1. Taking segment 57-79 only, how many residues are loosely packed, with under 14 Cβ neighbours inside 10 Å, of a type in the set (A, V, I, L, M) and modelled with pLDDT of 80 or more?
2. Does TRP194 satisfy being part of a loop (DSSP other than H, G, I, E, B), modelled with pLDDT under 85 and not hydroxyl-bearing (Ser, Thr, Tyr)?
3. In segment 85-132, how many are in a loop (DSSP other than H, G, I, E, B) and not aliphatic (A, V, I, L, M)?
4. Looking only at residues that are loosely packed, with under 13 Cβ neighbours inside 10 Å and either of a type in the set (A, V, I, L, M) or in a loop (DSSP other than H, G, I, E, B) (or both) in segment 133-167, which one is nearest to the chain's Cα centre (by Cα)?
5. Checking the condition among the polar types (S, T, N, Q), closer than 22 Å to ASP153 by Cα and in contact with a helix residue (DSSP H, G or I) (Cβ under 6 Å, 6 or more places away or on another chain), which residue from GLN116, GLN128 passes?
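The values are calculated or read from the model by the stated rules, or taken from the named source; none is laboratory data. Everything quoted here is computed from the prediction, not taken from an experiment. Methodologically, a virtual Cβ is constructed for each residue, glycine included, from the backbone with ideal geometry; neighbour enumeration extends over all protein chains shown.
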Amino acid sequence: MNRWTKFCATFEENLGDKLSKFAGIQYDHPYISLTLLVLIIVASIGGFYFQETENSVSKIYVPQYANSGKKLLTKAGIDMMFNFDKKVKEIEITYDDKLYTFYDLCTVNAITWECQVSGILDFWNFNQSLVEQDKIISVINDQKNIVTGQYLDESAGMLGLTKNDNGEIIEVAVLTLNYAMEKQDKKEKPTEKWLKLHILLKKLNEI
């Protein structure tokens, strides 16, 4: 018998003896074993009950290539997003010898009949003339559209929030805009829609 085989046989024998003794204790004192089991279950439930989770995207996720150390909650930062939004809405693509604009491909709001766009510019109702440098932080922390008064979530158009000791947002890592692009003619095949959107995305990468 080689050393490895001897070791395995000894280990198996010792393990069998310990398990046999453990089973004997449970057989002789079943109530002790059950009590210990109940205590373990109760302790586990307590841990799950008091555990804390974070579901806010703005706190747990910051996209790759986010600006580090750059001040975004400034007039220049907000104007940058207005300029980007303008360029997106000016995009034109050609598909099957036909010209399409951003408005031909976007999802239209049934009430306003405008393309559904949301994000950081919602705070100013997408009106660049309403942005004031000394009021940007207060507008963000008020969490409302300054025109309609509509409540906006603190993660609306912002990721990677930095807050002061009072819980007020003082800076962000990323500003975002979300464009709903699902418009499709009844006669249009789904593949045609996605081909158009693919061309549009290539245009976006050029901005």
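1. So the count comes out to 1.
2. On the way: part of a loop (DSSP other than H, G, I, E, B): no; modelled with pLDDT under 85: yes; not hydroxyl-bearing (Ser, Thr, Tyr): yes.
No, not satisfied.
3. Residues meeting the conditions: 14.
4. For segment 133-167, the residue satisfying everything is ASP153.
5. Only one candidate qualifies: GLN128.
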